[in-house]
Every structure is written in C-alpha cells, then in structure tokens.
Amino acid sequence: MTLSAWEAEGLLRKEEPSPEEIKGFLRKADECIRDAQAGQTPHGQFTAVYGAARFLCTVVLRAAGYRVASAEGHHEMTFRALPHVMGDAQLGRSRAYDAYRRRRSALEYQPVPTATETEASKFLADVQRFRGEVELWLRQHHPALVAD
C-alpha cells in the first residue's frame, strides 16, 4: 500500500504540519525518553519508550503532510507508514515497533505479562538512535519544520 492509497481508504488524511507541532511532538518524545531513563520498573520504562517511538513516528508522518485518522488501529498505522515516508531502510524498524505495539497491548491489558529489563533496554537504545535519525531526516528533508 501507499500513503495515497491509505488516504483514499480514509486511514490517513492530508494536513500541512507546522513547526510548532513538530517541535511539540519532539519535546514529548524527549520527555518519554527521559522518563524511560529515570530508573523505573521495566514495565514503566517499556511504556515510556513506546510513547517516544509513537511520537517520533508521528513526527515523520506529520512532516510528510499526513495525519492518521482517529480510528481503531491508529498506532499501527503510524508505525506502518514509517518506511513509506523515510524509505525502505526503515522497514525493519517499522515491523519491530509494530511488534512492540502488540507487546505493549499485552502488557497493558493482560494481568500476567510484564516487560523485562532486557526488552525495555533494547527498545530504549533503538528509540534513542531513531531520535537522532529523525532529527537528521527533518533537517535534510523538511528544514522549515525545525528551523531554529
């Protein structure tokens, strides 16, 4: 599928982003990353990192001029759109973040599962790398959205 096909299906809609919106989502991602580094339980860390990943993927999608429709599956769509905007090199990350989405759902809505230190740390390390990649991508492809 393509972004325009998802738009035709009503899953995405075109909407111009603003620098304030992009900076706001980046601030939220940074807050989540700081929260994840603050010595929480693995479950709390995993949840915070998930928020950061979602905000960063939202930045990418919004910078491309799209917004996910408010509907069931909007987190999934946010992650699935990543390689369509940033390129096929992000396909693995898109799949990993979608797997983390399903894992988060199990952690949040089932009484038994709990996040492990290893998975929370691995997720955090990737999201920290991705934060830098998003910043660089924005400066290269959408500099007006991150002008100082």
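All of the numbers you see were taken from the coordinates with simple rules; none came from a lab. Just so it is clear, the structure is predicted and the values come from calculations on it, not from any experiment. Quick reminder, even Gly has a Cβ in these numbers, built from the backbone with ideal geometry, and neighbours come from all protein chains shown.
Taking a span of 20 Å or more along the helix axis (Cα atoms) and a mean Kyte-Doolittle hydropathy of at least 0.0 as the rule, the DSSP H helices of the chain that qualify are 42-63.
Charge tally around ARG54: other residues with Cβ under 10 Å, Lys/Arg +1 each, Asp/Glu -1 each, net +3. Other residues lying with their Cβ under 14 Å from the Cβ of THR2 contribute a combined charge of -1, Lys and Arg counting +1, Asp and Glu -1.
Stretching GLU117 away from ARG27 to a fully extended chain increases their span by 29.9 nm, per 0.36 nm per residue minus the current alpha-carbon distance. In this label model, GLN110 and GLU20 are separated by 4.3 nm, measuring between points 7 Å along each Cα→Cβ vector.
The gain in end-to-end length when the ALA125 to ASP35 segment is fully stretched comes to 31.0 nm, 0.36 nm per residue minus the alpha carbon separation.
For segment 3-142, the Cβ-based charge dipole about the Cα centre amounts to some 120 debye (Lys, Arg positive; Asp, Glu negative; other atoms uncharged). When restricted to Cα atoms, the chain yields an Rg and a Dmax of 15.1, 46 Å, respectively.
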